[in-house]
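Take a look at the structure below.
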Amino acid sequence: MSIRLSYAFAVLLFLVAAVLRFASLSELPPGLSDAEIDDVRIAESVRNGRVEVFYDLDGVGREGLYQSALTGITAVVGSGAFGFRILSLFVGLIGLALVYAVGTRLCGPLAGIAAMGLLAVNLSAILLSRTVAREAVLMAWTAAIMLALARAFFVYGERRGGKSDSPAFLALGVLLGLGFYIHPLSLVLTMFAMTFIVYRVLTTRPFPRRALSFTWFTLVVTIVLAMPYVLSTIQLPELAGTTRLADDFPASLSRLIETLAAGINGFLFVGDLNPAHNMPGRPLFDLISGVIMAVGLLTAAGRIRESGNTLLLLALLFLVPATLLAPESPNFLITSALLPPLAMLFGMGVSTIFYSLRGLGRAVSAVGLVALFGFNLVWAGDDLLVDWGALPETQVTFNARLGALARFLDQSGVETPALLCAEALQPAAPGALTDAHKLALMMHRADAPLRAADCNSTFILMNGGTPQYIVMVDPEGLAKLNPEFLPWLGYGQVIEGPGIPPNSIARIAPAEALANRIGAYTTTTPITFAPDEPAGFAVALPPLRLEGNLTFLGYDRRWADTQSPGDLLLVVTYWRVDGILPPDLAFFTHVQDDPGARPVAQRDGMVALPEMLEPRDVLIQASYVDLPFSLPTGEYSISVGAYESAAGRRLAAFIGDEASATRLYVGGFTILR
C-alpha cells in the first residue's frame, strides 16, 4: 500500500471515528459520574487560582495538568457535561492520528491503517473520548512518546544513517516532563523511554555525536519540567504518584496472579465490569483481532533486533504489568495506555498475513479485514448508542436523572429561572456535593438563574412571581413537594416529554395570584410586638422591612384557635428578598406562654441557599412546630422573625425608620387538655 493511499484511508477512518465520538455526545454518557465530578471540581479550583501539583481527594492525591487544560477549554466552549468532555474527545482523535503515524513509521502504511482502524471502532477508546478523566489522555500520550522516540532515534524499519530530528528530542523531553503531572503511569512511560534510549545508544555503532548531545538535552528538559513534581513528592509523599502505584500493587502472590489473570482475560473474554468506562463484561477486543495481535507479537519477537520491533516490545514489557495489575483489573481506564502498542501489534499482524499471501489470497484477506472492521463498527455502535446508556447501572453511575434535568434546563431558554427542590442542600461531608450542586455543574449555562430550596418547608416564587420552573431534584418527583405549596402548581402545568424524568418539572406563572395574596395580607394579617421592645403595644400591617435586605409580607392563619398538647402547629409566612442576604440567614417560629419567657416550643432554620436568592424573590416558609405533651391549659402566642445563625443575632424590624422589634407576633391559640 502506498503512503498516499494510506492517507486517504486514514482520513476516512478519522471521519468514522469522529462520528462515533460526537454522536449524541450531550446525552451519552447521560450525566456526570462522581469520579468525573472530582476532576471537574479540580478544574474549578484551578479556575479560582488554586494551582497545585497534587490535589488532595479525601487523602488520595491526583495530578492536575489535565484539569488545568480543562479549565482553559471550558473558558472557550463553556462548561456543562458537553463542554467538560470536549477536551477528552479531541485528545482521543489526536491519539488516533498518532497511532496511525507510529504504526506507519514502525511497520508500514498497511499496519498504520489497520492499527488506526482497530481503535477507531473500539468501544473502550470511544468511551474514553466521552469521559472527563485524565486517563483519556493516556492513549495519545503513549503514542506521542513512541512517535517522538522513533523520530528522535531514527527508527524507521532498519534504515541506516538517518539524521537526528532535533524537534523530536525537544518534544520527547516535554512529553516525559509534563507526563508526571497527568498520571502516575508517567513514571512507567519514563522508564520505558529511558530504557529504549539506553538501548539505542549502546547498540547503534557509531552513535552520532549530534544525536548524543540532543539526548542529553532531552534529559535536561525532562528533569527541569519534573523538578516541581519531585519536590512535591518529597514534601507530600502520601499524595505522590509513587505511593499510589505502590499501594495499588497486589499485596500477595495469589492476589497478583489473580489480578494478572483477570486483566489478560479482559482482552478477549470478560472485560471491565464498570459501566463508567465499558459495556459491563464486554472484552477489550474481539477474538479474531486477538489472534491477529498474536501473529503480530510473534512477528515482532522474531525480528526483535530491528529497532522498531524493540521499541514496540519494550512498550509492552513496561505497560502490560503496570496496566493489568491495576486495582479492580481489568480496568479499561488504566489499560488505555496499552492501546497504542496493542493496536500496532494488530497492524503488524495484518501486514504479516497480507504480505505473506499472493494473488487471490491477498484479495480474500483484504475483504476479511474490511468485514472485521464492519463487524466491530456495528458492534461498537450498537453497544454505544442502544444498550450502554440504557443500562440501569450506567444510569446510576452517571447520575442520569440529574443529567436529564440539566439538559432540559439548558434547552429551556435563557430567561426563565428555575427552583431546584432538593431535600439535601448541604453536603453530607466536607468536600462532598449535593445533588443540586451536581445538577448545576452539569449545565452548560454557568449563569443560569437558579435557586435551591428544600421544598418540604421552603418554597420560592422568583422575581415577584414571573414564569419559572419547579425542578424536583430528588427521585420522588413532585410527590415530594409540601402539600401547602401544591396550589401554586395550579398556575401552570407539569411538563412531560421524551428525555424528561416523569412528574419532575412544572412551569408556573403565579405573578397575579401572588400579588393578590400579598395585597390581601396588607389588611388581613395584623402584627403585634412584645411589650419590652421599642414598638411596645403598637399594631402594624405588612409589609414590614427588616435588617439584612429582608421584608416580611404576611402570613397564612392556618392554625385552629384551639389546640391540644402533641398537635403539629403549622405557621406559613411570606418574606421578600430586597438585596444581598446574610449568608447564614435563618427564620424562627416560637410559641410562648409569656412574651418575656423562653419559648415553650419552636422551629428554627431555613432550608434554602441565601447566596442564590435575588431581589424580588418571595420565600414561603412552612414551619411545623411540635407542641409538647406537657403543655398546660392556657393562652399561647406565636412569634416569627429572622436571625443570623452564626452570631445568633436577630434582625430588627422597622416601623418607619426606627428599628422597633425583633419578634413579630402573628396570633395565638388556646391549649385545652
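Averaging 1/r across all pairs of distinct Cα atoms in the chain and inverting the result yields a Kirkwood radius of 29.1 Å. By a 1.4 Å probe calculation restricted to protein chains, Asp58 has an accessible surface near 150 Å², given to the nearest 10.
By the rule of a second cysteine Cβ within less than 4.7 angstrom, the chain holds isolated cysteines at Cys107. If you sort Arg517, Arg151, Arg401 by accessible surface, 1.4 Å probe, largest first, the order is Arg151, Arg517, Arg401.
Can you give me the angle between helix 138-152 and the longest principal axis of the chain, using Cα atoms only, in degrees from 0 to 90, rounded to the nearest 10? Here the helix axis deviates by roughly 30 degrees. In the chain, the longest principal axis of the Cα atoms and the axis of helix 209-235 are about 30 degrees apart.
Note on Val224: accessible area approximately 100 square angstrom, rounded to 10, probe 1.4 Å, nucleic acids and ligands left out. A protection proxy built from the mean count of other Cβ atoms within 10 Å ranks the segments 117-127, 313-323, most packed first, as 117-127, 313-323. Remark on Leu284: its backbone amide H falls under 5 Å from those of Phe267, Leu268, Phe269, a criterion applied only to residues 5 or more positions apart or on other chains, H modelled at 1.01 Å from N.
Based on Cα contacts under 8 Å between residues 6+ apart, the chain shows a relative contact order of 11 percent.
Rolling a 1.4 Å probe over the protein chains gives Glu423 an accessible area of about 110 Å². For Leu268, Leu568, the ranking by accessible surface with the largest value first comes to Leu568, Leu268, using a 1.4 Å probe. Over the chain, DSSP H runs of length four or greater, each weighted -39,500 (n - 2.57), average out per residue to a 222 nm ellipticity of -15000 deg cm²/dmol. Taking the C-alpha atoms only, the angle from helix 34-47 to the longest principal axis of the chain is near 80 degrees. Accessible-area rank, largest first, for Arg255, Arg4: Arg4, Arg255, with all protein chains present and a 1.4 angstrom probe.
The values are calculated or read from the model by the stated rules, or taken from the named source; none is laboratory data. These numbers were taken from a predicted model, which means no experiment stands behind them. Cβ coordinates were reconstructed from backbone atoms using ideal geometry, including for glycine residues, and neighbour counts include every protein chain displayed. Ligands, DNA and RNA are excluded from the accessible area calculation, which covers all protein heavy atoms including side chains. Shrake-Rupley method; radii C 1.70, N 1.55, O 1.52, S 1.80 Å.
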